[in-house]
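What follows draws every value from the coordinates through simple rules; no lab data is involved. Bear in mind the structure is a predicted one, so any value in this text is a computation, not a measurement. Glycine also receives a Cβ, built like all others from the backbone with ideal geometry; neighbour counts cover every protein chain displayed.
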Amino acid sequence: MFDAAVLSQHFKAAAAASGRDASTGYYGPSRRFRSRDRRTDLSAFSEGACKVLVAAVEAAFADPQGGSLSQGWKSSMTNKKMITIATAVITVFAIITIAAVMLRSSANAQSDESHYMPQYTSSGEMILPKNNIWRTWVFVGAPLTPNALNNGAASFPEYHNVYMQPWAYEEYTKTHEFPEGTIMFKELQLTLPPPQFKDGSRQEPSGRGYFGGPFNGADVTVKDSKRFAATGNWGYFDFNHFEPKLPMTKVLARDKCAFCHIGSAKKDEVWTQFYRILDQP
Ligand code: HEC
């Protein structure tokens, strides 16, 4: 009969390949916006499903007495039942495989490159987008608060390179509203050391000024009116003000970040007054 242990082993492997990250306990974002990893997940799942199928067929046709397949086939009426069961199993897995292939093509159509959405762990921490993907987004501006001009320790040192997803930018230019799921990703970057002048500036061939040095952590805001209603529809995350950035981090209380944005940012908690392309889209 079926080898239950073999079947369950294969099935577990297929399920594991289908999405759960053992290190974070994270199951992935909503179906609609699953990342490009999902394509690999799905092929792994199909592969897993095929293994289960093969194991099931082998188990169904194996003779319990250890005889060959054909002897087992001819020798007993119970084998007919096995064939029926095997057919049922084949049908079920064929359906699973077809479903997986169909889901895979829909994932291709809506990959995270074209519509990146914030991702969270099961306990609600925001996950740092992978592969520095924000650096491929729309660059909206770079306020600069050098340490040397802020008693040696700026609150957000020093360049604030701000990015948002291209799809969100496109929608903003049409509606003048930040859509749900917008991420404002502020990557901090130090000025190029060593400073040559008291104000931290340097003389370079293009002139005296500030030049890009090492990356220095990130602050991030996310628009989600359901999740972050308490802080005016935006969630605030500090991924460190130094490197390396945290792989994930929890949302911060109103009195840590949101109060200041709510108080003086020009548009919907975003300081559009400092980003020309958002202030005059
Ligand atoms: C005292 C006021 C203040 C506090 C507190 C504050 N911010 Fe900001 N934040 C600003 C200002 C001003 C800007 C725009 C100018 C700049 O970056 O220098 C900004 C810009 C940002 C941006 C870029 C997008 C935007 O809204 O312009 C992000 C992301 C951000 N802050 C996240 C955070 C996070 C996360 C915290 C808490 C850890 C925080 N901020 C705390 C004043 C504040």
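Using the number of other C-beta atoms within 10 angstrom as an exposure proxy, rank Trp137, Trp234 with the fewest first.
Neighbour counts put them in this order, fewest first: Trp137, Trp234.
Counting Lys and Arg as +1 and Asp and Glu as -1, what is the net charge of the other residues whose Cβ lies under 14 Å from the Cβ of Ala218?
Value of the local net charge: -1.
Can you classify the stretch 146-231 as rounded, prolate or oblate using the Cα gyration tensor, where a ≥ b ≥ c are the square roots of its eigenvalues, rounded means a/c under 1.5, and otherwise it's prolate if a/b beats b/c and oblate if not?
Verdict is prolate for the stretch 146-231.
Mind running the shape call on the stretch 126-279? Use the C-alpha gyration tensor, a ≥ b ≥ c as the square roots of the eigenvalues: rounded below 1.5 for a/c, prolate if a/b tops b/c, oblate otherwise.
Taking the square roots of the gyration eigenvalues as a ≥ b ≥ c, the stretch 126-279 is prolate.
My understanding is that a pair violates if its Cα-Cα distance is over 32 Å; which of Lys198/Lys250; Lys186/Lys226; Lys130/Lys198; Lys198/Lys267 do that in this structure? Walk me through the numbers before you get to the answer.
Details: Lys198/Lys250 37 Å; Lys186/Lys226 23 Å; Lys130/Lys198 37 Å; Lys198/Lys267 35 Å.
The pairs that break the limit, which is 32 Å between Cα atoms, are Lys198/Lys250; Lys130/Lys198; Lys198/Lys267.
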